[in-house]
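*Asks:* To start, I am sharing the structure in question, which I have written as C-alpha cells.
None of the figures in this text is laboratory data; all of them are computed from the coordinates on show. These figures come from a predicted structure and were not determined experimentally. We place every Cβ from the backbone using ideal geometry, glycine too, and count neighbours over all the protein chains shown.
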Amino acid sequence: MNWIDNFVRPKIRSILGQKRDIGENLWVKDPESGEMVFYRDLEANQWVVPNSGYHMKIKPVDRLKTFLDDGAYTLVPVPGVATDPLKFRAQKRYIDQLKENRAKTGYDDSVIVATGKLYERAVTVAVQDFDFLAGSLGMAAGQGIITGLETAAERKTPFILFVASGGARMQEGVLGLMQMPRTTVAVLRLREAGLPFFVVLTNPTTGGVTASYAMLGDVHIAEPGALIGFAGARVIEQTIREKLPKGFQRSEYLYEHGMVDMVVHRHNLRATIGSLAGILTRAEPSAALAGTQAITDRSSLRDAALAAETDDGDLATPPPGAHAE
C-alpha cells in the first residue's frame, strides 16, 4: 500500500497535471472580450486578437522579426553599467530581481537595440521589454536608449523606438531619474544630425518614460488601445476631484487631442514607418513599398513633410492628425 500511495498515485497525478497544463497553454484569453484564442493563431497574427483587435504584449524578438525585412537583424551591444548601485532591498533584493528577470527574458535589461533593414533601407531599432521589471527606466535601460540613438547617428539611419514601460525604476532612485535628461541629450544629438526619430507607443507607456524620450520623437505613433500617460487616472481624479472622460489616456483619446500623430494597427506599422522614413530622409522610392495599401488619410503627407523642412535642414514632423488603422 505504501508503494501505491507514495509512488503510483503521485505519478498519475503528475501525468494528469502535465496534460492539463499543456491543454491550458494552447489557449490565450483576450483581456478585453474574454474570448479564448488558439495560441498559434494569435502568434501568427502578431499577437493581435483576430475578432476584437486587442493588441497584446509582444516579445522583442517577435517584434523585430515581424517588423524588419525577412525578420533579419543584428543586436547592438549595450555598454555595461553598475549593478545595484544603491544596494536596494525590499521584499526581495534588487540584485535577485535582476537575476530572475534576466533568466526569464534572456536579456540583460529592458531595452534591446538592433540594426536591420525596413523596405530595403537601413534602420536602427530599439524595443523596450515590459516583461523585464515592467520595462522600467534604470541606468541600463537609459544606456540602451542612448546606444540606439548614437548608433543611428553613426550609421546615419532613422531611429525607431518601441516603448513599453511603467516608468522610472525606483530601485535605482535618483540614478534612474537621471536617465531622463541623459536620453533627452541623445535625442537632441540625433536631431542635430538631421535624422528622424520615430516613437511607437505601446501598452502601457507611463511615468518618467512618457515625460522624457517617449514624447520627443519627430513622429509619435500609438498602437490601438494603448494606455499612455504620466500619472495614473486614479491619482489625477483624486487631485482634480473630477471624473475623467471615458477612454482617457488611451491612444484614440490622445490622437483626438493632438498628443500623438497617428494610431496605427500593428499590421500596418511596417508600411507606415517605412513610408515616413523615406519621406523624412528624402530617400529614393523603394520598390518594396510600391503597391502597398495607403497608410494615412492625408494624400498630401509627402508634400507637406518636404515643405515643412527648414532652410538649415532640420526635420519637421508630418502634419498632426494623420491616422492609419
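*Asks:* Applying a 10 Å radius around every beta-carbon, put 194-200, 62-68, 42-48 in order of their mean neighbour count, most first.
*Replies:* Packing order, densest peptide first, comes out as 194-200, 62-68, 42-48.
*Asks:* I'd like to compare 146-158, 119-131: which one has the highest average count of other Cβ atoms within 10 Å, and what's the full order after that?
*Replies:* On the way: 146-158: 20.6, 119-131: 22.5.
Listed from highest to lowest mean packing, they are 119-131, 146-158.
*Asks:* Also, I was wondering about something else. Enumerate the amide H contacts of Ser110 below 5 Å, restricted to partners 5 or more residues apart or on another chain; note that Pro and chain-start residues carry no placed amide H.
*Replies:* So Ser110 has HN proximity to Ala141.
*Asks:* What Kirkwood radius, in Å to one decimal, follows from the Cα pairs of the range 23-167?
*Replies:* On the way: mean 1/r = 0.0596 Å⁻¹.
One over the average 1/r among Cα pairs gives 16.8 Å for the range 23-167.
*Asks:* Which shape class, rounded, prolate or oblate, goes with the range 57-307 when its Cα gyration tensor gives a ≥ b ≥ c as root eigenvalues, a/c under 1.5 marks rounded, and past that a/b bigger than b/c marks prolate?
*Replies:* oblate
*Asks:* Same structure again: Anything over 22 Å Cα to Cα? Flag those among Lys57/Lys104; Lys57/Lys87; Lys59/Lys246; Lys29/Lys117; Lys59/Lys99; Lys59/Lys117, in the order listed.
*Replies:* Lys57/Lys87; Lys59/Lys246; Lys29/Lys117
*Asks:* Then there is this: Under the Kirkwood approximation for Rh and a Cα-based Rg, what ratio Rg/Rh is obtained for the range 193-288?
*Replies:* Taking Rg over the Kirkwood Rh, I get 1.06.
*Asks:* Per residue of the range 165-171, in order, report the coupling 6.51 cos²θ - 1.76 cosθ + 1.60 (Karplus, θ = phi - 60°) as ³J(HN,Hα) in whole Hz, putting x for Gly and Pro.
*Replies:* 7, x, x, 5, 8, 5, 5
*Asks:* In whole angstrom, how long is each semi-axis of the equivalent ellipsoid of the range 74-130, when you take the square root of 5 times every eigenvalue of its Cα gyration tensor and sort them from largest down? Before the final figure, lay out the partial values.
*Replies:* Values: eigenvalues 184, 26, 13 Å².
Over the Cα atoms of the range 74-130, the semi-axes work out to 30, 11, 8 Å.
*Asks:* Here is a follow-up. Taking the range 113-203, how much of its Cα-Cα pair set, in percent, is spaced more than 22 angstrom apart?
*Replies:* 25
*Asks:* Take the alpha carbon atoms of the range 48-92, find their center, do the same for the range 220-277, and report the distance between the two centers in whole angstrom.
*Replies:* Their Cα centres are 20 Å away from one another.
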